[in-house]
Amino acid sequence: MSVAILTDTNSGITVEEGKTLGIHVIPMPVIVDATDYLEGENLTHAQLYEMMRADADVSTSQPAPQVIIDMWDALLKEYDEVVYIPMSSGLSNTCETATRFALDYNGKVFVADNRRISVTLRAAVLNAKKLADDGKSGKEIKEHLDADGKNSVIFVTVNSLKYLIKNGRATRAAAAIATVLNIKPVLIIDGGKLDAYKKIRGMEKSMHVMIEGIQSFIKTNLADVPPEKLRIGAAGTLETPEEIEHWLGLVQAAFPKSQTYYDPLSCSIACHVGIGAAGMGVSVIVD
């Protein structure tokens, strides 16, 4: 039985990279000043950052249901089953919407909600592809992903509270104080929902707090997993090679035995965290 693995660019996997990996990817829509764009097709990170600097009004939406359905229909002409892995249901309605539509496919489409986004969503998609290559069915892959959701966590630090204000997660007064005191909020996605974690003065200290948060999560939740079986993904809306190298270097030094890498945060995520944000996540590599 052949199983197609489908996700979206919130995973950090681009459409082009997906072709190399054998993974199918839906580009996420981004709306800038009432104009619709698709990540990687007519919008790059650099273009988005330039628009954000010009104070453009940026927002996101879930992929149109028809886009998802058309992709399923196309894949089922080539594969027996499809496993669709969107971002966490705690952050978007995409998963819930897709689950309803999947009911019409007579057990050929499986929508997995393993409560992830960004680097941990990438890890889940890679695990799903490995399981598909090993001959697992769509049902088995979905069951693994749903059960494995608890074995990951993400931290992110924003450089500016501008977009958290826009999204209703911070007040203007709090932002003004934070700016004066150089306070960087560290946020956590654990169980699929975004929440506050700590408030730290300075980005460098915030980076170390995120590393400590991952270390604590591993100690508490993944103590029986060998470090070689852990994926530690660094991410961000960092713009220069030096910034990226520094952040990834801190992560690699803290987790020398684990698989580490850096992914730019998707354009749809960048719309919510702004430029200069940094994040990281941990997940387990499937056997």
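The values are calculated or read from the model by the stated rules, or taken from the named source; none is laboratory data. Because the structure is a prediction, the values reported are computed rather than measured. Heads up, the Cβs are rebuilt from the backbone with ideal geometry, glycines too, and the neighbour counts pull from every protein chain shown. The accessibility values were calculated without ligands, DNA or RNA, using every heavy atom of the protein model including side chains. Shrake-Rupley method; radii C 1.70, N 1.55, O 1.52, S 1.80 Å.
Which FRET efficiency value, to the nearest 0.05, do you get for SER160 and ALA34 by plugging their Cβ-Cβ distance into 1/(1 + (r/R0)^6) with R0 = 25 Å?
That gives a FRET efficiency of 0.60.
Quick one: compute the contact order of the stretch 47-143, relative version, from alpha carbon pairs under 8 angstrom and 6+ residues apart, as a percent.
Numbers: 83 pairs, mean separation 25.0, N = 97.
Dividing the mean separation by the residue count of the stretch 47-143 yields 26 percent.
Would you calculate the separation in nanometres between label points at VAL67 and HIS208, each defined as 7 Å from the Cα along the Cα-to-beta-carbon direction?
In this crude spin-label approximation the distance works out to 4.2 nm.
At R0 = 51 Å, how high is the FRET efficiency between LYS199 and GLU41 if r is their beta carbon distance? Nearest 0.05 is fine.
According to the calculation, E is roughly 0.85.
Please report the relative contact order for the chain, taking Cα pairs under 8 Å with a sequence separation of at least 6, and give it as a percent rounded to a whole number.
21 percent
Quick one: compute the contact order of the stretch 202-281, relative version, from alpha carbon pairs under 8 angstrom and 6+ residues apart, as a percent. Numbers along the way, then the final one.
Numbers: 83 pairs, mean separation 34.0, N = 80.
That works out to 42 percent.
For labels at LYS139 and LYS219 in the simple 7 Å Cα→Cβ model, what's the distance in nm?
If labels sit at LYS139 and LYS219, their model points lie 4.2 nm apart.
Given the whole protein assembly as supplied and a 1.4 Å probe, what does the accessible area of GLU41 come to in Å², nearest 10?
Roll a 1.4 Å probe over it and GLU41 shows about 120 Å².
What full-extension length gain, to one decimal in nm, is calculated for TYR105 and LYS229 as 0.36 nm per residue of separation minus the Cα-Cα distance?
Values: separation 124, 0.36 × 124 = 44.64 nm, distance 3.49 nm.
Roughly 41.2 nm would be gained on extension.
With the calculation restricted to Cα positions, what are the radius of gyration and Dmax of the stretch 194-287 in angstrom?
13.4, 40
Of the cross-linked pairs LYS162/LYS198; LYS142/LYS162; LYS136/LYS229; LYS19/LYS130; LYS108/LYS229; LYS19/LYS136, which ones have a Cα-Cα span greater than 27 Å in the structure shown?
The answer is LYS142/LYS162; LYS108/LYS229.
Using just the alpha carbons, could you tell me how many Å³ per residue the convex hull of the chain encloses?
Cα-based convex hull of the chain, divided per residue, equals 123 Å³.
Using alpha carbons only, how many angstrom separate the centre of the stretch 199-254 from the centre of the stretch 21-57?
The stretch 199-254 and the stretch 21-57 have Cα centres separated by 26 Å.
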